[in-house]
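Student: Before I ask anything, let me first share the structure, which is written out below as structure tokens.
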Amino acid sequence: MGPPPLATRPSGRNSMTDSKTGPMSCGETTIRLLEKYGITTVFGIPGVHTLDFCRGLVDYPGPGNQVRHVQARNELGAGFMAEGWARATGEPGVALVISGPGVTNATTALGQAYADSLPMLLISAEAASHTLGKGWGVLHEVTEQKKVTEPLTALSATARSAADVPVLLARAFTLFASQRPRPVHISIPIDVQAERVEQDWQPVALPQRPEPAGQQVDQAVALLTLADRPLIMAGGGAWQASQALQQVAESLGAVVVASTAGKGIVSDAHPLSLSASTVRPEVLEFIEDADVILAVGTELSETDSFVERMELTGTLIRIDVDASKMNDFYPAHLGMVSDAKAALTLMAERLKTHQTANRTDVEKTVASLRAQIRSNLSPSEKQHVALLELLGEVAPPETIFSGDVCQLVYTGAFAMSVRSPRKWFYSAGYCALGNALPNAIGAKLACPDCPVVVLAGDGGFMFTMPELVTAAELKLPLPIIIWENGGLKQIQDDLDHRGIDRVGVGGMNPDFVKLAQACHCDGIRIDSPMTFRRAFDQALNNNRPTVMVVREQ
Ligand SMILES: Cc1ncc(C[n+]2csc(CCOP(=O)(O)OP(=O)(O)O)c2C)c(N)n1
């Protein structure tokens, strides 16, 4: 069924009274405040505990600025959709769920957003205030709900009265705007949701991220210009600094190695870029030699390299909005607590007249490392690369690739060429299976003009398979590539490697093509590059998702 005609949709409202009920409920006023913070869409599944929020929501994009509710099929999907929204835009993605199981289902997505520094807001119901902590066995009871999400959020708090809600939302949006973005969970008990609110709530003015001291910028530039082998390591925190980062790299003749979250900030096609390749031994060996390293917006996490500590022996300059990063595993010789774009823009300015003499040699080194990586690929990786290169030919340059935790995506991290930030989703940190499809739904709704492609393994896809129906209902033209390799291949390989018999990693698959059709999608088995090209092109122009099953040989 399509959207209702405009005339029958609820109209925008300006006053604090609702024709049906008089003063608005806290639930409805909360949604109105989200609107004022620029939120247009929330993902969730309503329940008897969230009815008061529903007063403020519409099912389809409304006239004016009413917030749209997108119905997921499981709160895990809803959480991943909100996370996908944040991944694609850098803006807060919002999920709205019931208390208890709604929260526990969505919590995996919070973990993912926490690990990848994404601004995600989970708003949930909570049991009635007078029952909290009593253990009376009320519906959906969790005796201390905020504790469930505390370790996976920058803030988890319960509103004790309606007046708490604007205060907690102010904290959430302040955090998203001015610090390392991380998820926030706000629980609103059902009696608080139903409170009547007499005065409209207003958003607060949001502060900015810190800027660097000019003296530190000078020091960093001095260290880097004196370096013989400068290296830049770029993470997701630098996503707004593409242009400045590229200028700095070019002036210095510095090789750029990205984290998975930083992939594309400097285009993978740039001759100084080694993409997100610290999983490759060839690259780990190369970076040992760097004499000055500029690490920007990256935690240099082991999940990007699979070694606990990389051999970073060069002088380390770190730019990070999170001060705690300055003295972690890799203490900074020079630490700038700053927004990445602000710092890099100043550095690019200071380096304007500096031109390295050996850029050509450095580019030759990069080309040779890329060739070495290519010649060292395993037979499986060669098959991944063949598909990814084909995809690179047919997908428009602005395409977002939403990857799950699977071997095709591990290879893509260093082998797929993406040209700009926020185009390659791969949650290497928390690494929860099942994110790719719901992330893609969130991304496609946030960026309707961008093609969005799902890359999933056969095992991971099954975690959130029901969201196929959500994507079909929303009529999203998503090509969904399932790499079928006979079960949980990475874990099969890990067991084989350790000489342990395979257990629990076989796994029967459904017939994904028939499954797609049963879920109102198209489905096709890919047997040649020609079939792939044709199917991909049709999928981008479809009015529903297309599942494309590719079998590893
Ligand atoms: C929620 C969750 N459970 C378990 C794992 C452990 N795990 C990591 S990779 C993997 C195998 C995934 O299989 P598939 O999606 O088919 O991709 P493949 O490894 O075969 O390419 C598993 C089970 C995980 N990352 N996340």
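Student: Report, in whole Å, the centroid distance computed from the Cα atoms of region 517-541 and region 175-247.
Tutor: Measuring centre to centre over Cα atoms gives 40 Å.
Student: Going by the alpha-carbon gyration tensor, a ≥ b ≥ c the square roots of its eigenvalues, is the chain rounded (a/c under 1.5) or, if a/c is not under 1.5, prolate (a/b greater than b/c) versus oblate?
Tutor: Numbers: a/c = 1.86, a/b = 1.31, b/c = 1.43.
Cα axes put the chain in the oblate bin.
Student: Hey, could you grab the Kirkwood Rh for region 126-172? Inverse mean 1/r over distinct alpha carbon pairs, Å, one decimal.
Tutor: On the way: mean 1/r = 0.0852 Å⁻¹.
After inverting the mean inverse Cα-Cα distance, the result is 11.7 Å.
Student: Got a sec to turn the phi values of region 76-81 into Karplus ³J(HN,Hα) couplings, 6.51 cos²θ - 1.76 cosθ + 1.60 with θ = phi - 60°, whole Hz, x for Gly and Pro?
Tutor: 4, x, 4, x, 5, 5
Student: Still on this structure, please answer the following. From the square roots a ≥ b ≥ c of the eigenvalues of the alpha-carbon gyration tensor of region 16-155, which class results: rounded (a/c under 1.5), prolate (a/b over b/c), or oblate? Working shown, then result.
Tutor: Values: a/c = 1.88, a/b = 1.06, b/c = 1.77.
It is oblate, given that a/c is not under 1.5 and a/b is not larger than b/c.
Student: Using θ = phi - 60° and the Karplus curve 6.51 cos²θ - 1.76 cosθ + 1.60, what whole-Hz ³J(HN,Hα) does each residue of region 377-388 get, with Gly and Pro shown as x?
Tutor: 5, 6, x, 5, 4, 4, 5, 4, 4, 4, 5, 5
Student: How high is the relative contact order of the chain, given as a whole-number percent (alpha carbon pairs under 8 Å, six or more residues apart)?
Tutor: Working: 1217 pairs, mean separation 68.5, N = 553.
Taking the mean separation of contacting Cα pairs over the length of the chain, I get 12 percent.
Student: Another question about this same structure. In whole percent, what relative contact order does region 216-275 give with Cα contacts below 8 Å and a gap of six or more residues? All intermediate terms of the calculation are to be shown ahead of the outcome.
Tutor: Numbers: 80 pairs, mean separation 20.1, N = 60.
About 34 percent, as a whole number.
Student: Here is a further query. Output the relative contact order of region 376-521, whole-number percent, from Cα pairs under 8 angstrom with separation of 6+ residues.
Tutor: On the way: 204 pairs, mean separation 32.0, N = 146.
This gives 22 percent for region 376-521.
Student: Go through the cysteines of the chain and tell me which have no other cysteine Cβ under 4.7 Å away.
Tutor: Lacking a cysteine Cβ partner under 4.7 Å: Cys26, Cys54, Cys406, Cys431, Cys519, Cys521.
Student: Report, in degrees rounded to the nearest 10, the 0 to 90 angle that the Cα long axis of helix 214-226 makes with the longest principal axis of the chain.
Tutor: Rounded to the nearest ten degrees, it is 30.
Student: Just the ratio, please: alpha-carbon radius of gyration of region 135-290 over 2.2 N^0.38 Å, N its number of residues. The partial results should precede the final answer.
Tutor: Values: Rg = 22.9 Å, N = 156, 2.2 N^0.38 = 15.0 Å.
Here the Cα radius of gyration is 1.53 times the empirical estimate.
Student: If exposed means no more than 13 neighbouring beta carbons inside 10 Å and the site is in a DSSP loop, what's the longest run of the chain without any exposed chymotrypsin sites (Phe, Trp or Tyr not before Pro)? Working shown, then result.
Tutor: On the way: sites that count: Trp136, Phe306, Phe329.
Segment 330-553 is the longest.
Student: Another question, if that's okay. Restricting things to alpha carbons, tell me how big region 453-553 is in terms of Rg and Dmax, in Å.
Tutor: Just the Cα atoms of region 453-553 yield Rg and Dmax of 14.8, 48 Å.
Student: If you build the convex hull over the alpha carbons only and average its shadow over all orientations, what do you get for region 384-462? Give it in nm² to one decimal. Please list the in-between numbers first.
Tutor: Details: hull surface 19.7 nm².
Hull-based average projected area comes out at 4.9 nm².
Student: Let me spell out the model: positive unit charges on the Cβ of Lys and Arg, negative unit charges on the Cβ of Asp and Glu, origin at the Cα centre of region 130-207. What dipole size does that give, in debye rounded to 20? Can you show the working numbers first?
Tutor: Values: 8 positive and 8 negative charges, 70 e Å.
Using only the charged Cβ atoms, the result is roughly 340 debye.
Student: Now a separate question. Cut-off is 10 Å between beta-carbons; in what order do Lys263, Lys489 appear when sorted fewest neighbours first? All intermediate terms of the calculation are to be shown ahead of the outcome.
Tutor: On the way: Lys263 32, Lys489 21.
The order, fewest Cβ neighbours first, is Lys489, Lys263.
Student: Roughly what angle does helix 26-36 make with the longest principal axis of the chain, taking Cα atoms, 0 to 90 degrees, to the nearest 10?
Tutor: 40
Student: Skipping prolines and chain starts, which residues have an amide H placed within reach, meaning under 5 Å, of the one on Val97, given they are 5 or more residues away or on another chain?
Tutor: Ile123, Ser124, Ala125
Student: Measure nothing fancy, just the Cα-based angle from helix 101-115's long axis to the longest principal axis of the chain, in degrees from 0 to 90, nearest 10.
Tutor: Taking the Cα atoms of the chain, the angle to 101-115 is about 30 degrees.
Student: As a footprinting exposure proxy, order Cys431, Cys447, Cys26 by other Cβ within 10 Å, with the fewest listed first.
Tutor: On the way: Cys431 14, Cys447 17, Cys26 25.
Ranked by crowding around the Cβ, least crowded first: Cys431, Cys447, Cys26.
Student: Treat every Asp and Glu Cβ in the chain as -1 and every Lys and Arg Cβ as +1, leave all other atoms uncharged, and give the resulting dipole magnitude about the Cα centre to the nearest 20 debye.
Tutor: Numbers: 46 positive and 59 negative charges, 219 e Å.
In total the dipole reaches around 1060 debye.
Student: Continuing with the same structure: If you take the square roots of the eigenvalues of the alpha-carbon gyration tensor of region 22-75 and sort them as a ≥ b ≥ c, do you get rounded (a/c under 1.5), prolate (a/b over b/c) or oblate? Numbers along the way, then the final one.
Tutor: On the way: a/c = 1.85, a/b = 1.13, b/c = 1.64.
It comes out oblate by the Cα gyration axes.
Where a number appears in this text, it was derived from the coordinates with a stated rule and is not lab data. Note that the structure is a prediction, hence the values are computed from the model and not measured. In this analysis, Cβ positions are derived from the backbone assuming ideal geometry, glycine residues included, and neighbour counts consider all displayed protein chains.
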